[in-house]
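So the structure is just underneath, and the comments pick up after that.
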């Protein structure tokens, strides 16, 4: 009996040891590897839509549906974001009360730099989006911050995106544990189900791009932020990235966070990074 | 046998009556539980809009003096808040199931 127990114990211990060596080390699942993520992310979408060229993904639903594509081509003759673009250009060049301009807050006077945002601020240890940088610029120059979801912010970002059209996203995640954590938190936010409908961002934009939700064709996550800000017919106006994130949350019956909370900044960082190399197409227009 | 049956029926009726006739105290207890659960959901950054709207409905019923409906709505709001807590907690690990690798 004793011998039998000892044999069973040894066999069990051996089996456990084999399992322990056979299983991949736990750390590999948790290792933050943005380069591998970007590669896998792009491969997923390129395999899912083999007929599309990489740069087509920045056109969202228009690349997924032939009829929508034709409508969009017609719409681009007189784009609905044009008024916002003009307003943004005017606002951008108008000096603040202290005589300085937005351009003074950015590299290259703010022209052709949208593709570098969000960026990671090593002093602060946090992600800085373009919308946040614009409001910080205002506040540093004695001006009140704009709402992150209203027309003024959309106009400013529309103009800055326009000056970067065609330039590839160039988001950097430095080898800094805080930057890697922000990136990973953004990824977690993107894939986490929330709201009473139990949807994650990925439910629509990874699992179902090209499919319809009611009358809308869902855009692929790859390249989705390249077109921001966007004019949406549904909104009858312009929308910032902040507006897009908060309305997505409401639509799945989740209470939105405050615009530019860490979660939103981080998810924009993640989504922009995995779209590196794809051209800026903003401002965009969507149904 | 007959006495046992009658006792059981009476107990059931009493239970049903007390469940149907919720008073202000029942409502206050139910709404406090719902608000506590919703506060926990907020700390997990995962409140649901339906929890808030169901709580608002409960308060409206209570303002109109209908504590039966107010209590029922408050209990529903608590259930919704608890579901959002469960979602946030389980998603801490489950999000990786959706990840593109």
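Data table
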{"read-out": "Hey, residue B:68 in contact with a helix residue (DSSP H, G or I) (Cβ under 9 Å, 6 or more places away or on another chain), more than 14 Å from chain A (Cβ to nearest Cβ) and without any contact (Cβ under 8 Å) to a residue 12 or more places away in the chain or not", "value": "no"}
{"read-out": "Matching residues in region A:30-44 - criterion: being facing chain B (nearest Cβ under 9 Å) and either surrounded by 14 or more Cβ atoms within 10 Å (Cβ to Cβ) or within 17 Å of the chain's Cα centre (by Cα) (or both)", "value": "A:37, A:40, A:41, A:44"}
{"read-out": "Whichever residue in region B:49-61 is more than 10 Å from every other protein chain (Cβ to nearest Cβ) and crowded, with 18+ Cβ neighbours inside 10 Å and, among such residues, is farthest from residue A:246 (Cα to Cα)", "value": "B:61"}
{"read-out": "Any chance residue A:161 is under 21 Å from residue A:72 (Cβ atoms) and not in a loop (DSSP other than H, G, I, E, B)", "value": "yes"}
{"read-out": "Residue match in region A:29-50 (condition: within 21 Å of residue A:278 (Cβ to Cβ), modelled with pLDDT of 95 or more and touching a strand residue (DSSP E or B) at 6+ places or on another chain (Cβ under 6 Å))", "value": "no"}
{"read-out": "Any hit, region A:195-210, residues being under 12 Å from the mean Cα position of the chain (by Cα) and crowded, with 21+ Cβ neighbours inside 10 Å", "value": "yes"}
{"read-out": "Residue tally, condition in contact with a helix residue (DSSP H, G or I) (Cβ under 8 Å, 6 or more places away or on another chain) and facing chain A (nearest Cβ under 9 Å), over region B:34-48", "value": "5"}
{"read-out": "Filtered residue count, region B:84-97, keeping only those that are within 8 Å of chain A (Cβ to nearest Cβ) and under 18 Å from residue B:52 (Cβ atoms)", "value": "3"}
{"read-out": "Number of positions in region A:246-264 that are closer than 22 Å to residue A:180 by Cα and buried (at least 24 other Cβ atoms within 10 Å of the Cβ)", "value": "1"}
{"read-out": "The one condition in (1) over 24 Å from residue A:205 (Cα atoms); (2) surrounded by 19 or more Cβ atoms within 10 Å (Cβ to Cβ); (3) within 14 Å of chain A (Cβ to nearest Cβ) that residue B:75 fails to fulfil", "value": "(3)"}
{"read-out": "Residue check, residue B:32 in contact with a strand residue (DSSP E or B) (Cβ under 8 Å, 6 or more places away or on another chain) and modelled with pLDDT of 95 or more", "value": "no"}
{"read-out": "Filtered residue count, region A:202-218, keeping only those that are in a loop (DSSP other than H, G, I, E, B) and touching a residue at least 24 places away in the same chain (Cβ under 8 Å)", "value": "5"}
{"read-out": "Hits in region A:192-218 - residues which are touching a strand residue (DSSP E or B) at 6+ places or on another chain (Cβ under 8 Å) and more than 14 Å from chain B (Cβ to nearest Cβ)", "value": "A:210, A:211, A:218"}
{"read-out": "Residue among B:83, B:52, B:57 that is touching a strand residue (DSSP E or B) at 6+ places or on another chain (Cβ under 8 Å), in a helix (DSSP H, G or I) and free of Cβ contacts under 8 Å to residues at least 40 places away in the same chain", "value": "B:83"}
{"read-out": "Number of the condition not met by residue A:239 [criteria: (1) within 14 Å of another protein chain (Cβ to nearest Cβ); (2) under 23 Å from residue A:160 (Cβ atoms); (3) crowded, with 19+ Cβ neighbours inside 10 Å]", "value": "(1)"}
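Residue-by-condition table, conditions (1) within 14 Å of chain B (Cβ to nearest Cβ); (2) closer than 26 Å to residue B:41 by Cα; (3) in contact (Cβ under 8 Å) with a residue 60 or more places away in the chain; (4) touching a strand residue (DSSP E or B) at 6+ places or on another chain (Cβ under 9 Å):
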position	(1), (2), (3), (4)
A:171	no, no, yes, yes
A:190	yes, yes, yes, no
A:220	yes, no, yes, no
A:231	no, no, yes, yes
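The values are calculated or read from the model by the stated rules, or taken from the named source; none is laboratory data. Remember, predicted model here, so these are calculated numbers, not experimental data. A quick note on method: Cβ atoms are made from the backbone with ideal geometry, for glycine too, and the neighbour counts reach across all protein chains shown.
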